[in-house]
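Student: Take this structure, written in structure tokens, and hold onto it; I'll ask about it next.
The values are calculated or read from the model by the stated rules, or taken from the named source; none is laboratory data. The structure presented is a predicted model; accordingly, all values stated were derived computationally and were not measured. Note: ideal-geometry Cβ built from the backbone for every residue, glycine included; neighbour counts use all protein chains shown. The protein model used for the area step is the full one, side chains on, heavy atoms only, and it has no ligands, DNA or RNA in it. Shrake-Rupley method; radii C 1.70, N 1.55, O 1.52, S 1.80 Å.
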Amino acid sequence: MSERLLVLVRHGQSEWNLKNLFTGWRDPDLTPLGVEEAHKAGRRLKEEGYQFDVAFTSKLSRAQKTLELALGDLGQSGLATIEDLALNERDYGDLSGLNKDDARAKWGEEQVHVWRRSYDVPPPGGESLKDTIARTLPYYVTEILPKVLQGQRTLVVAHGNSLRALIMVLEKHTPETIMKRELATGVPVIYRLKPDSTVESVVDLAD
């Protein structure tokens, strides 16, 4: 019987995470802590006996590097990997590159909170979570899910908001509850799916 294994990992801490900046589609590198988080993800997966047939990631280097480092620790460097901008982080538009405290000072704490935490209100020039899901979810359904259901053990390394699109379906979240679903950097979340694509089990490999 095929495993129908899907593992999601949010990239390790980036330089802009550390500086409290809105990142979105900008492309900062990992911090030393982010590098260690990526290695740790790979080590944890290896300790648990996981191996993969295919990997997916975004077009942003912080996710790609996290995947590369994790695969190195898994002993799977060179694994077939598919990169697609459908898995990119939410585009924060005019907020990109701004310190979150500076954004609050400019637009007000309440407005920035709405942009960050509402489901369907985008920041100026950017995407809401609803917009992000609208591009990420079809990609999951057409490209990722079929491989999982065919028994290909699948690893996805992406971003907090693009992964929420997948998690919204996998864990049956509402627009309200998905906003509260936190994803730690560099922590694998393991899903095993039933033949009908619903979740059979989920394990979070956080310490």
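Student: Mind jotting down the distance between the C-alpha centroids of the range 158-207 and the range 108-139, whole Å?
Tutor: Taking the Cα centre of the range 158-207 as reference, the centre of the range 108-139 is 18 Å away.
Student: Still on this structure: Can you give me the % of accessible surface on the range 1-70 that is carbon or sulfur? Probe 1.4 Å, all protein chains present, nothing else counted.
Tutor: Details: 1500 of 3050 Å².
Answer for the range 1-70 is 49 percent, counting heavy atoms of protein chains only.
Student: Could I ask something else about it? Multiplying the sequence separation of D84 and R181 by 0.36 nm and subtracting their Cα-Cα distance, what value in nm do you get?
Tutor: Result: 32.6 nm gained on full extension.
Student: Hey, another quick one. Relative to the present Cα-Cα distance, how much length would full extension add between R192 and Q150 at 0.36 nm per residue of separation?
Tutor: Taking R192 through Q150 to full extension adds about 13.9 nm, to one decimal.
Student: Just to be sure I follow the definition: excluding the sites themselves, where is the longest run in the chain that has none of the trypsin sites (Lys or Arg not before Pro) in a DSSP loop with at most 13 other Cβ atoms within 10 Å?
Tutor: Segment 20-171 is the longest.
Student: Using DSSP loop states and a limit of at most 13 other Cβ atoms within 10 Å to flag GluC sites (Glu not before Pro), what is the longest stretch of the chain containing no flagged site? Spell out each step's value before the answer.
Tutor: Numbers: sites that count: E48, E182.
Longest stretch, sites excluded: 49-181.
Student: Which whole-Hz ³J(HN,Hα) couplings does the range 33-43 yield from phi under the Karplus relation 6.51 cos²θ - 1.76 cosθ + 1.60, θ = phi - 60°, glycine and proline marked x?
Tutor: Result, ordered by residue: 5, x, 4, 5, 4, 5, 4, 4, 4, x, 5 Hz.
Student: Leaving out ligands, DNA and RNA, what percent of the accessible area of the range 87-161 is carbon and sulfur, probe 1.4 Å?
Tutor: Carbon and sulfur: 45 percent of the exposed surface of the range 87-161.
Student: Can I ask one more? Quick check: residue separation of V203 and L137 times 0.36 nm, minus the Cα distance between them. What number comes out in nm?
Tutor: My answer for the length gained is 21.6 nm.
Student: Could you provide, to the nearest whole Å², the per residue accessible area of the chain with probe 1.4 Å?
Tutor: 45 Å²
Student: Report ³J(HN,Hα) in whole Hz for each residue of the range 157-165, in order, from the Karplus equation J = 6.51 cos²θ - 1.76 cosθ + 1.60 where θ = phi - 60°; Gly and Pro get x.
Tutor: 10, 8, 10, x, 7, 5, 5, 4, 4
Student: To continue, here is another question. Scan around I82 for amide H atoms under 5 Å from its own, H built in the peptide plane at 1.01 Å from N, and keep only partners 5 or more places away or cross-chain.
Tutor: A55, F56, T57
Student: Taking the chain as a Gaussian network, where each spring joins two C-alpha atoms under 10 Å apart, which residue of G108, G72, G97 fluctuates the most?
Tutor: G108
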